[in-house]
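Below you'll find the structure, written out as structure tokens, and then a few comments.
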Amino acid sequence: MKKMMMAAAAIGMTGILASCGSGEAPDGSAKGSIDSVRTEYRLNSTSGAFIACDNVTGNTAGRARSTQVAVNFTLQGNIQDITIGLKGQTSDRYDNNYKTTATGEQLANIGNGKYRVTFDANSSNGAFLPQSIIVNPVAVTVKVVSATGNVGGFYPQLVVNTGTSNFTINNILRTVQVYSNCNVTQTTQEEI
């Protein structure tokens, strides 16, 4: 009985950690956390919140239906690959369409066990983000936008495959708001 209570407590803690943006493999082979989420659009100022846009006007440079997203995370242990996805904040309608698996060469190692995956979120199919992922696109600079029509948001999810176990990291604290219409008001020198 005592072992069962300890196992239940451990499972409960894993759930709490996963919801806070970190997680660990059940067999102890790896652990990790989601550190930040950035996009190519900032709302209203150079220090505004990072947001996503379905339709962009202004200086779009051919990106009227795309939002570049970078997810920074920390991983320790044996990592075979990760599946990264964006989960809808209020609906899971597009969740299965908006994920991809990345292997070692697709993960940008930024030092000390920290990694980045950059991808384009494309809403060109006529529906709101998310729709598709293109991993490791050409990096773009951040743009300041005005925005209307908040349609919800998304947050990152990592499913880490260690080769011997899998674990999931969700970070609902890193939700990115999505707007139906954005207009570029300034292009910065900041890179995503």
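Since every read-out is calculated from the coordinates, none of them should be taken as a lab result. Note that this is a predicted model, so its numbers are computed, not measured. Reconstructed Cβ throughout: ideal geometry from the backbone, glycine too, with neighbour counts over all protein chains shown.
Details
- Cα-based equivalent ellipsoid, region 26-105: semi-axes from gyration tensor eigenvalues, Å: 29, 15, 13
- Inter-label distance, nm, simple model (7 Å from Cα along the C-beta direction), residue 185/residue 172: 3.2 nm
- Listed cross-link partners 114/143; 31/143; 31/87 are compared with a 23 Å cut-off, the Cα-Cα value being larger for 114/143; 31/143.
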